[in-house]
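Input: a single structure, listed below in structure tokens.
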Amino acid sequence: MGLVFLVRHGLTAQTGRVLYGRTPGIELDARGKAQAESLVDRFDGVRVSAIYSSPLERCRGTVEPLAAARRLDIRADDAFLEMEAGAWTGRTLAQLRRTKAWRTVQQTPSDFVFPGGEAFMDAQARVVTAIDRLATRHRKGSIVVATHGDIVRIALAHYLATPLDDFQRIVIDTAAVSVVLLGGTLPHVLLVNDTGGLDRFRAEHTAPWEATKSADRRRAGKVRG
């Protein structure tokens with residue numbers, strides 16, 4: 001069973017002000033760099049098999065200190081890119097909130113496609129497919145995925161069996177870590193929007209989800225029998 005740590009990128013100067021989408025060249029600001037450095041301590045004692053990231057600088061920069069500390073390469077994967085915002089790219093959130101389409105984004109995002117860009121349903125499908133693929137590849141390990149706030153939220157909505165139209169109820173802060181366990185009978189969401197320590201995932205601790213693994217193995221044995 002693969003353990004997946006989903007990490008939203010750290011703060012930039014534009015976070016919460018501008019919908020910058022896939023705009024390249026946006027780096028972490030001083031606050032974001034401090035958040036990135038803090039991930040090293042937050043993951044202290046947690047086994048990490050591999051680190052994946054959206055190719056955008058703000059995501060790679062968030063996990064660079066952790067990758068350096070663990071002597072791991074950062075594997076860029078386009079599946080974890082921010083949503084393609086099309087014509088909305090670069091507009092301020094204040095401007096977008098005044099548009100008629102904003103209500104659709106907030107209330108029925110499953111019906112929304114960014115003008116000249118991507119649909120929420122398509123974005124959810126690509127990220128969930130990628131996470132499932134990597135969890136299978138690393139089914140005996142733990143991986144870190146650095147990505148974007150909405151990407152984390154729509155992925156969690158899927159694993160929580162929450163309708164896509166309700167994903168806006170999930171809050172994901174910058175540099176927050178959410179954890180999903182995959183590979184059993186059902187996915188298990190172990191942690192959402194954590195900005196503190198990850199002590200419970202240290203190797204020396206008895207993992208509370210081990211009981212879940214054992215139960216899945218017993219059920220599988222009964223089915224085979």
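The values are calculated or read from the model by the stated rules, or taken from the named source; none is laboratory data. Predicted model, so just to flag it, every value in this text is computed and none were measured. A quick note on method: Cβ atoms are made from the backbone with ideal geometry, for glycine too, and the neighbour counts reach across all protein chains shown. The area values use the complete protein model at the heavy-atom level, side chains included, leaving out ligands, DNA and RNA. Shrake-Rupley method; radii C 1.70, N 1.55, O 1.52, S 1.80 Å.
The figures follow:
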read-out	value
Residue count, region 2-40 (criterion: open to solvent by less than 20 Å² (accessible area, probe 1.4 Å) and small (G, A, S))	5
Among (1) of a type outside the set (S, T, N, Q); (2) out of contact with any Gly (no Cβ under 7 Å at 6 or more places or on another chain); (3) open to solvent by 60 Å² or more (accessible area, probe 1.4 Å), the one test that P109 misses	(3)
Residue list for region 37-83, restricted to those being within 21 Å of F201 (Cβ to Cβ) and in a loop (DSSP other than H, G, I, E, B)	F43, D44, G45, R47, V48, S49, R71, L72
Test: residue in region 89-98 that is out of contact with any Asp or Glu (no Cβ under 9 Å at 6 or more places or on another chain), assigned to a helix (DSSP H, G or I) and closer than 19 Å to T147 by Cβ	no
Residue in region 83-97 that is modelled with pLDDT of 95 or more, among the hydroxyl-bearing types (S, T, Y), open to solvent by less than 40 Å² (accessible area, probe 1.4 Å) and more than 20 Å from A123 (Cβ to Cβ) present	no
Test: residue in region 59-72 that is under 20 Å from F167 (Cβ atoms) and crowded, with 20+ Cβ neighbours inside 10 Å	yes
Tally, over region 149-167, of residues that are exposed (fewer than 15 other Cβ atoms within 10 Å of the Cβ) and touching a helix residue (DSSP H, G or I) at 6+ places or on another chain (Cβ under 8 Å)	2
Within region 135-225, strands (runs of 3 or more DSSP E) holding 1 or more residues that are touching an Asp or Glu at 6+ places or on another chain (Cβ under 7 Å) and modelled with pLDDT of 90 or more	177-182, 188-194
Scope region 114-130; condition under 18 Å from V152 (Cα atoms), outside any helix (DSSP H, G or I) and open to solvent by 20 Å² or more (accessible area, probe 1.4 Å); matching residues	E118
Residue pairs meeting the criteria (Cβ under 7 Å; at least 6 apart or on separate chains; first farther than 18 Å from V18 by Cα, in region 95-111; second not in a helix (DSSP H, G or I))	T104/F112
